[in-house]
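Data block below; observations after.
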Amino acid sequence: MCPPQPVECAPPGPAPTAPGRRRMERAEPGRPDRPAGRSCRPEPAGPGQAQPREQERERGAWPGPRRPTRADMRLRELSLRQDPDLRQELASLARGCDFVLPSRFKKRLKAFQQVQVQTKKEEPLPPASSQSIPTFYFPRGRPQGTVNVDAVIAKIERTFAQFPHERATMEDMGKVAKACGCPLYWKGPLFCGAGGERTGAVSVHKFVAMWRKVLQTCHDAAARFLHLLASPGCPYLVQDDFVPFLQDVVNTHPGLAFLKEASEFHSRYITTVIQRIFYTVNRSWSGRITCAELRRSTFLQNVALLEEEADINQLTEYFSYEHFYVIYCKFWELDTDHDLLIDSQDLARHNDHAISTKMIERIFSGAVTRGRKVQKEGKLSYADFVWFLISEEDKKTPTSIEYWFRCMDLDGDGALSMFELEYFYEEQCRRLDSMAIEALPFEDCLCQMLDLVKPQSEGKITLHDLKKCKLANVFFDTFFNIEKYLDHEQKEQVSLLRESESEGPELSDWEKYAAEEYDILVAEEAAGEPWEDGYEAELSPVDQKLCALRSPLAQRPFFEAPSALGAVELYEYECGDAHLQPS
């Protein structure tokens, strides 16, 4: 026998490859059993021998399932769509780049698929913590379990049984309001909420159905009042919603009995009260009173006081007739053509041209008005004048501070810069020079105002700074009201602070102004009363009507109240004297 011939091994070194073909000879990480330089392709097995791949699959060493299912394919497609890095590596691998390894791609794909499967398993778990948090938001009031709806409905039905055919008219709604547990002057909203303004009467069934729904859905007075006045489904009140309610107050309140026959002035009084309501209650300046704003205000308390207070002038916050009389007379003096609109020249004559021209221009620029006539025609309506006069005479309230801050904030950035302050102070200096009064330089005035306000940020004054300051009226008057600025200069700051810090039921600046102006108007009207010699001072028909509308409660006792108010026909003077027209 011949001994076996030795097998000649190839010398070390790279094996020759065919031209144009490249071979992957780099060892794969994680596979040390495959040395570099060896082919990764297994040799074909002989007959009767299992393929290596099949053997490894049987042992569980070969990764991946034997046959990929449709779910695996969809998950792989999802992985490629949601992972941009994975897509980029796959594209690089397809182009044959050297720096992308198949094993790295497989590991990244497997890790991404595991994350996707875990995320899907964790999604259906409900948040258990939400069940333990109690409800804290009640837009229609916090529900109260003490309200016995059936007992209230039974009382209402007994009240309706007293009326003919169990139908209540507007005159009967006072008893119905008390049966509902509401203040007396809710009778107008209750009547309109049940549809009584369309038919003239309300049946017991319709009213009970309406009030039962209100009790079940509205759980406090603010939510119920808003539900009765607002349009169906509307979560806020607009100005027109208050008209039926206030018309009922004018018609039935004993303190306004003298105004009943003068229907021409009903709309003026109602307009004034509505503007005062929105001036105080609508803190968002949106023109829409929400339930939260109504709840935070004192309006409903004042509505309840209408029943207890016979003198309407004691309710100075909203309903005072004397306040309306002062506002309307001031507007009448400025409205020379009596078209119920005033322009910038008319407004400049207020208080003997006390307000600067630049501030008048800012008022007519639309910074504090909503009507389009102000921007298009340069006219100010009576409703806008109510806001102006109250803000001008009382600059300490939050709304008045916001009013004048909007006017002085030229660029609308929410802060008053030194440039804006100097812009308004320049005209003050010119007016003081024309009066032969030496004005402070702007730098000195600025130092005084900064010490007064004490702003949080250097170089600007914010709305919060002015609201925190107790002398905001002194700040504003310094820059655009020459008369009040001189009055403040004559007083020491110590006295001003003492006035602002006084405690107790002190009258506001607006209430002091309205009382003083009303006394002046009463004195002027008294000068036109009949003299002892029998001669009367000549008054125009308009002045006669205004004199007659003065509240009888404020007249001197030895003068009789004017009689027969309805006998004066105002429309006779429409052409001659351009008399007041009802809205």
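Being more than 19 Å from LEU184 (Cα to Cα), without any contact (Cβ under 8 Å) to a residue 12 or more places away in the chain and of a type in the set (S, T, N, Q) holds for only one residue in ASN251, ASN282, and it is ASN282. Screening SER284 on (1) open to solvent by 60 Å² or more (accessible area, probe 1.4 Å); (2) part of a helix (DSSP H, G or I) shows it passes everything except condition (2).
Report whether or not ALA310 is small (Gly, Ala, Ser), open to solvent by 30 Å² or more (accessible area, probe 1.4 Å) and either within 21 Å of TYR185 (Cβ to Cβ) or touching a Lys or Arg at 6+ places or on another chain (Cβ under 6 Å) (or both). So ALA310 fits the description; yes. All conditions but one from (1) open to solvent by less than 60 Å² (accessible area, probe 1.4 Å); (2) within 24 Å of PRO398 (Cβ to Cβ); (3) of a type in the set (D, E, K, R) apply to ARG224; the one that does not is (2). Do any helices (runs of 4 or more DSSP H) lying entirely in region 84-189 carry at least 2 residues that are modelled with pLDDT of 75 or more, and which ones are they? Those helices (runs of 4 or more DSSP H) span 149-160, 173-179. Taking the criterion of being touching a Cys at 6+ places or on another chain (Cβ under 8 Å), within 14 Å of ARG224 (Cβ to Cβ) and open to solvent by less than 10 Å² (accessible area, probe 1.4 Å), the only residue of region 137-185 that qualifies is GLY141. Screening GLU261 with (1) touching a residue at least 24 places away in the same chain (Cβ under 8 Å); (2) under 22 Å from ASP311 (Cα atoms); (3) not in a loop (DSSP other than H, G, I, E, B) gives one miss only, at (3).
Kindly evaluate GLU317 against the criterion of being assigned to a helix (DSSP H, G or I) and open to solvent by 10 Å² or more (accessible area, probe 1.4 Å). So GLU317 does not fit the description; no. Among the residues of region 464-484, those identified as part of a helix (DSSP H, G or I), buried (at least 17 other Cβ atoms within 10 Å of the Cβ) and in contact (Cβ under 8 Å) with a residue 24 or more places away in the chain are LEU466, ALA472, ASN473, PHE475, PHE476, ASP477, THR478, PHE479, PHE480, ILE482, LYS484. Considering only residues in region 450-463 that are of a type in the set (A, V, I, L, M) and under 22 Å from THR399 (Cβ atoms), the one that is most open to solvent (accessible area, probe 1.4 Å) turns out to be LEU463. Step by step: first the residues of region 392-442, then only those that are part of a loop (DSSP other than H, G, I, E, B) and touching a helix residue (DSSP H, G or I) at 6+ places or on another chain (Cβ under 6 Å), then the one that is surrounded by the most Cβ atoms within 10 Å (Cβ to Cβ). Which residue is that? Here the answer is LYS395. Looking across region 368-378, the residues that are assigned to a loop (DSSP other than H, G, I, E, B), open to solvent by less than 60 Å² (accessible area, probe 1.4 Å) and at pLDDT below 90 come down to THR369, GLY371, GLY378.
Pairs are defined by a Cβ separation below 8 Å, a sequence spacing of at least 6 or placement on different chains, a first member in region 145-172 that is in contact (Cβ under 8 Å) with a residue 60 or more places away in the chain and under 18 Å from GLY195 (Cβ atoms), and a second member that is assigned to a strand (DSSP E or B) and not charged (D, E, K, R); no pair meets this definition.
Can we say ASP384 is free of Cβ contacts under 8 Å to residues at least 24 places away in the same chain and among the acidic types (Asp, Glu)? So ASP384 passes the test.
Among the residues making up region 297-352, a single one is closer than 16 Å to THR271 by Cβ and small (Gly, Ala, Ser): SER320.
The values are calculated or read from the model by the stated rules, or taken from the named source; none is laboratory data. This one's a predicted model, so the numbers in the text were calculated from it and none came from an experiment. Note that we place each Cβ from the backbone using ideal geometry, even for glycine, and neighbour counts take in every protein chain shown. Protein only, heavy atoms only, side chains kept; ligands, DNA and RNA dropped before computing areas. Shrake-Rupley method; radii C 1.70, N 1.55, O 1.52, S 1.80 Å.
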